[in-house]
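Enquirer: Here's a structure for you.
Rule-based calculations on the coordinates, nothing more; no lab input. On a predicted model such as this, the values are computed, not experimentally measured, just so you know. In this analysis, Cβ positions are derived from the backbone assuming ideal geometry, glycine residues included, and neighbour counts consider all displayed protein chains.
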Amino acid sequence: NAGVMQNPRHLVRRRGQEARLRCSPMKGHSHVYWYRQLPEEGLKFMVYLQKENIIDESGMPKERFSAEFPKEGPSILRIQQVVRGDSAAYFCASSPRSGEETQYFGPGTRLLVL
Amino acid sequence: GESVGLHLPTLSVQEGDNSIINCAYSNSASDYFIWYKQESGKGPQFIIDIRSNMDKRQGQRVTVLLNKTVKHLSLQIAATQPGDSAVYFCAEKGPSGTYKYIFGTGTRLKVLA
């Protein structure tokens, strides 16, 4: 069984460019969560999505950040006009359904903004 | 506000000894807790979980203890091995109907040969 997949694993962008991070949940999982992790810190919740719906984006910055989980294809976390402070590891997790189920994490995308 | 914190940022343990990693949480309504292990350059890996109606749960070489009275969670690793070296996070989830996991800062476990 394939786990949560994320790509790219590493992404380098210059300030002002766009970053697109992709996440394919585990087979059978329809709930996706995005987290951000700064060096030497814990994970911070950003957004929770189900297929075609954003359930909670309270952890996501109001500007420049957006997320989607289309009916077909992976979930996308998009960061427009990146700044150096966006440099972090972005992790995606998935679960079969919300609430009680354990969230399983992908390997992360490490974004470096120059 | 809600927070999950750890008492020790770094723990060094001799190979073969037992390790105890502690975690404090502040939301008494949290009903589900997980320990994750994160190795360098990798995503968090599920270790063990426990629900609030339990005070102890055992896995293979790991035990999680939950003390709701003092809002304390601990992870015990028996016979610590070099492969256990990693950062360990506790995470809590609020009552049924919520889904956000709140992660602590993490404890780095170093296993000494």
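Enquirer: Can you sort B:Arg51, B:Arg57, A:Arg13 so the residue with the fewest Cβ neighbours within 10 Å comes first?
Expert: Fewest to most other Cβ atoms nearby, the residues stand as B:Arg51, B:Arg57, A:Arg13.
Enquirer: Could you check the simple spin-label distance between B:Ala79 and B:Leu112, using points 7 Å along Cα→Cβ, in nm with one decimal?
Expert: Distance between the two pseudo-spin positions: 2.2 nm.
Enquirer: Most exposed first by the Cβ proxy, i.e. fewest other Cβ within 10 Å, how do B:Ile34, A:Ile55 rank? Before the final figure, lay out each step's value.
Expert: Values: B:Ile34 21, A:Ile55 15.
The fewest-first ordering by Cβ neighbours comes to A:Ile55, B:Ile34.
Enquirer: Would you mind computing, in nm to one decimal, how far apart the modelled labels at A:Arg15 and A:Arg110 are, each placed 7 Å from Cα along Cα→Cβ?
Expert: Here the answer is 2.3 nm between the modelled labels.
Enquirer: Then there's this: Once both labels are modelled 7 Å past Cα along the beta-carbon direction, what's the B:Ser52-A:Asn53 spacing in nm?
Expert: In this crude label model, B:Ser52 to A:Asn53 measures out at 2.5 nm.
Enquirer: Using a 10 Å Cβ count of at most 11 others and DSSP loop calls, identify the longest part of chain A lacking such GluC sites (Glu not before Pro).
Expert: Details: sites that count: A:Glu18, A:Glu40, A:Glu52, A:Glu63, A:Glu72.
Here the longest segment lacking exposed loop sites spans A:73-114.
Enquirer: Quick one: which of B:Lys56/B:Lys110; A:Lys62/B:Lys71; A:Lys71/B:Lys42; A:Lys27/B:Lys68; A:Lys51/B:Lys68 span more than 31 angstrom between C-alpha atoms?
Expert: Listed pairs above 31 Å: A:Lys62/B:Lys71; A:Lys27/B:Lys68; A:Lys51/B:Lys68.
Enquirer: Expressed as a rounded percentage, what relative contact order does segment B:22-88 have, with Cα pairs under 8 Å and six or more residues apart?
Expert: Relative contact order for segment B:22-88 comes out at 33 percent.
Enquirer: What percent do you get for the relative contact order of chain A when only Cα pairs under 8 Å and 6+ apart count?
Expert: Relative contact order of chain A: 37 percent.
Enquirer: Of A:Val113, A:Val83, how do they rank once you tally other Cβ atoms within 10 Å and put the fewest first?
Expert: Values: A:Val113 19, A:Val83 12.
Listing A:Val113, A:Val83 from fewest to most nearby Cβ atoms yields A:Val83, A:Val113.
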